[in-house]
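Notes follow the structure.
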Amino acid sequence: MALNKADQALLDAAYEQAVKSYDEGGIPIGAAIADASGAIIAAGHNQREQSGDTTAHGEISAMRNAGRRRDWHECTMATTLSPCVMCTGALLLHRIPRVIIGESETFLGAEDRLIESGVELVRANDPRCVELMRRFIAERPEVWDEDIGIPPTA
């Protein structure tokens, strides 16, 4: 899907965060948040590998970096990958009404829950996001499986 200029800038910021995480040896998922005017107010990346914190997903990191706010209900989040159940819960808790998803080919998160709750999803189908995740999953499948809760095979 072709994005407007503001949405593309937000997804680009999220993608930069995903690359940063990959370069740090982490899981390449990034997120960025814009306020109602379209100004980017925060960004973050998955830091589970770097920090050992299993809740340090990209979306959560971006929210942490945004700090306490009263305007979550007017914000848009871009994330490079379809949000997992935990990140979906955080989006719903903060009442973020609009989410730009870089890709959902390599992982389909809880998009149905977002839709059921009235969140507007913009599916970008960004080839950069797909390629980065495919590369990571091929290089480190055990780390990816751990992140999404797939137990090791016996």
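Mind listing whichever residues of region 13-38 are surrounded by fewer than 18 Cβ atoms within 10 Å (Cβ to Cβ) and farther than 18 Å from Asp71 by Cβ? Correct list: Glu16, Val19, Lys20, Asp23, Glu24, Gly25. When residues in region 90-123 are screened for being more than 20 Å from Met133 (Cα to Cα) and touching a residue at least 24 places away in the same chain (Cβ under 8 Å), 11 of them pass. Could you say whether any residue in region 56-64 is in contact with a helix residue (DSSP H, G or I) (Cβ under 7 Å, 6 or more places away or on another chain) and in a strand (DSSP E or B)? No, because not a single residue in region 56-64 is in contact with a helix residue (DSSP H, G or I) (Cβ under 7 Å, 6 or more places away or on another chain) and in a strand (DSSP E or B). Remark: pairs (first residue in region 11-26, more than 18 Å from Arg48 (Cβ to Cβ); second residue part of a helix (DSSP H, G or I) and open to solvent by 10 Å² or more (accessible area, probe 1.4 Å); Cβ separation under 7 Å; 6+ apart in sequence or on different chains) = Tyr15/Arg128. Would region 51-61 turn up any residue that is surrounded by fewer than 24 Cβ atoms within 10 Å (Cβ to Cβ), under 19 Å from Arg98 (Cα atoms) and in contact (Cβ under 8 Å) with a residue 12 or more places away in the chain? Within region 51-61, one or more residues are surrounded by fewer than 24 Cβ atoms within 10 Å (Cβ to Cβ), under 19 Å from Arg98 (Cα atoms) and in contact (Cβ under 8 Å) with a residue 12 or more places away in the chain. What single numbered condition from (1) in contact with a helix residue (DSSP H, G or I) (Cβ under 6 Å, 6 or more places away or on another chain); (2) over 25 Å from Asp145 (Cβ atoms) fails to hold for Thr88? Of the numbered conditions (1) in contact with a helix residue (DSSP H, G or I) (Cβ under 6 Å, 6 or more places away or on another chain); (2) over 25 Å from Asp145 (Cβ atoms), the odd one out for Thr88 is (2). Sub-6 Å Cβ pairs linking a first residue in region 64-77 that is of a type outside the set (Phe, Trp, Tyr) to a second residue that is part of a loop (DSSP other than H, G, I, E, B) and open to solvent by less than 100 Å² (accessible area, probe 1.4 Å), at least 6 apart or interchain, are Glu74/Ala36; Cys75/Asp35; Cys75/Ile96; Met77/Ile96, ordered by first then second residue. If you filter region 139-154 down to residues that are loosely packed, with under 11 Cβ neighbours inside 10 Å and not charged (D, E, K, R), you find that the one that is nearest to Gln47 (Cα to Cα) is Gly149. Taking region 141-154 as the range and being without any contact (Cβ under 8 Å) to a residue 40 or more places away in the chain and not in a helix (DSSP H, G or I) as the test, the residues that pass are Gly149, Ile150, Pro151, Pro152, Thr153, Ala154.
The values are calculated or read from the model by the stated rules, or taken from the named source; none is laboratory data. Just so it is clear, the structure is predicted and the values come from calculations on it, not from any experiment. Cβ sites come from the backbone with ideal geometry, for glycine too, and all protein chains shown count toward neighbours. Just the protein is used for accessible areas: all its heavy atoms, side chains included, with ligands, DNA and RNA removed. Shrake-Rupley method; radii C 1.70, N 1.55, O 1.52, S 1.80 Å.
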